[in-house]
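Novice: Structure below; questions to follow.
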Amino acid sequence: MNHTGAHKLNHCMAEALLAKYLGKKKLIAETGAGQHGVALATAAAYFGLECEIHMGEVDIAKEHPNVVRMQILGAKVVPATHGLKTLKEAVDSAFEAYLKDTDSQLFAIGSVVGPHPFPKMVRDFQSVVGIEAKEQFLEMTGKLPDMVSACVGGGSNAMGIFSAFIEDAVKLYAVEPAGKGINLGEHSASLTYGSEGIMHGFNSIMLKDKDGNPAPVHSIGSGIDYPSVGPEHAYLNSIGRTRIGLCNDEEAVDAFYKLSQHEGIIPALESAHAVAFAMKYAKENPKEAILVNLSGRGDKDIDYIVENYPIPLKDI
Ligand SMILES: Cc1ncc(COP(=O)(O)O)c(C=O)c1O
């Protein structure tokens, strides 16, 4: 329910403050679903900075309301027209534009990815999610959750909430998009199917094609169709501190409608992955207390959803 519709505003306000402090004139970034772009355009408007957002042509068509929002907020939206024309290509395009002028621009990356110190900065800016969720959960239930479920694209909402529970005996589930199948190109479950590699200036686990380049990926959630995850996710998973949950497109759509019809919250399709996994988990672990990170609102997704998936009858 955050202003601008997702957790992204948390780190964007901080990145804009940093840009002011460093004397930069312009914020530049990529966006997938448009949530990071809208949040950054908002922060730029608030702090009096220019803003340029790179977005894949496919996502521009799918997430039209967010494109208009960015433009209303005064940002320039630059289409990424190569490759699959989605999130990875938007990152390529934004990095390229940033490298042309690193003096007056600040690259405000949209997740816990990229070279150091971006993953750490974004995690720390997002840690407010975990601090507040922990406090509220304790207040409401008198104990810690048994399990936390968060969707993972690059991994910022998940790192934000996980960071508060790392030292606690709480199971942390990073929910990956299983898309529409297990073949390369049909999903973006990087931790599940990926291997070590380097992309966009960081070393992590990633999905690669036969030549070792970032593989094509798919998810119904435009903000989570990314062929890698932040390096800290790869590390936490490798030492067994976090676990992987999977959710496919159909399950995400089902959770999207269920949360809307039973709780009155229309979730972002990305966040619907965390909800869907929590519903599956709850069936198998009915006694456990689950904390779901609802990273964003689904306003941006409603046109796409109703065009492609019929609204189900409410099953009360
Ligand atoms: C609502 C929402 N949740 C999750 C994500 C995925 O990003 P991250 O994995 O960095 O939280 C996005 C990205 O656009 C988003 O808009």
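Novice: To check you understand DSSP bridge types, tell me what percent of the beta bridges within the chain (both residues inside) are antiparallel, rounded to 5.
Specialist: 25 percent
Novice: Could you state the angle between the C-alpha long axis of helix 8-21 and the longest principal axis of the C-alpha atoms of the chain, as a value from 0 to 90 degrees rounded to the nearest 10?
Specialist: 30 degrees
Novice: With labels modelled as points extended 7 Å from the Cα through the Cβ direction, what inter-label distance (nm, one decimal) is found for His82 paired with Asn285?
Specialist: 4.3 nm
Novice: Which of the lysines could be linked to Lys210 by a straight reach, that is with a Cα gap under 28 Å, when you skip same-chain ones fewer than 8 residues away?
Specialist: Lys85, Lys88, Lys180
Novice: Follow-up. If every alpha-carbon in the chain counts as one equal scatterer, what log10 I(q)/I(0) does Debye give at q = 0.08, 0.09, 0.11 1/Å?
Specialist: Scattering profile of the chain, log10 relative to I(0): -0.32, -0.41, -0.62.
Novice: Kirkwood hydrodynamic radius (Cα pairs, Å) of the range 8-110?
Specialist: Evaluated over the range 8-110, this radius sits at 12.9 Å.
Novice: Which trypsin sites (Lys or Arg not before Pro) in the range 109-154 sit in a loop by DSSP (not H, G, I, E or B) and have at most 10 other Cβ atoms within 10 Å of their own Cβ?
Specialist: Answer by residue number: Lys143.
Novice: Something else: Please quote Rg/Rh for the range 106-184 to two decimal places, taking the Kirkwood radius as Rh and restricting both calculations to Cα atoms.
Specialist: 1.05
Novice: For the chain, take the longest principal axis of its alpha carbons; what is the angle in degrees between that and the long axis of helix 269-284, to the nearest 10 within 0 to 90?
Specialist: Approximately 20 degrees, to the nearest ten.
Novice: Can I ask one more? Using only Cα atoms, find the angle between the long axis of helix 87-99 and the longest principal axis of the chain, and express it within 0 to 90 degrees, rounded to the nearest 10.
Specialist: 30 degrees
Novice: What are the ³J(HN,Hα) couplings of the range 164-176, residue after residue, when phi is run through the Karplus curve with 6.51, -1.76, 1.60 and θ = phi - 60°? Round to Hz, x for glycine and proline.
Specialist: Per residue, the Karplus-derived 3J(HN,Hα) values read 7, 10, 4, 7, 9, 7, 10, 6, 10, 9, 8, 8, 9 Hz.
Novice: Which of Met70, Met140, Met55, Met147 comes first, and how do the rest follow, when ranked by fewest Cβ neighbours within 10 Å?
Specialist: Met140, Met147, Met70, Met55
Novice: Any idea what % of Cα-Cα pairs in the range 127-308 are farther than 21 Å?
Specialist: Of all Cα-Cα pairs in the range 127-308, 48 percent lie more than 21 Å apart.
Novice: Let me ask another. Between Tyr235 and Leu18, what FRET efficiency follows from the Cβ-Cβ distance if R0 is 22 Å, with the result rounded to 0.05?
Specialist: 0.35
Every number in this text was worked out from the coordinates using simple rules, so none of it is lab data. Everything numeric in this text was worked out from a predicted model, so none of it was measured. Here the Cβ is made from the backbone with ideal geometry for all residues, glycine too, and neighbour counts use every protein chain on show.
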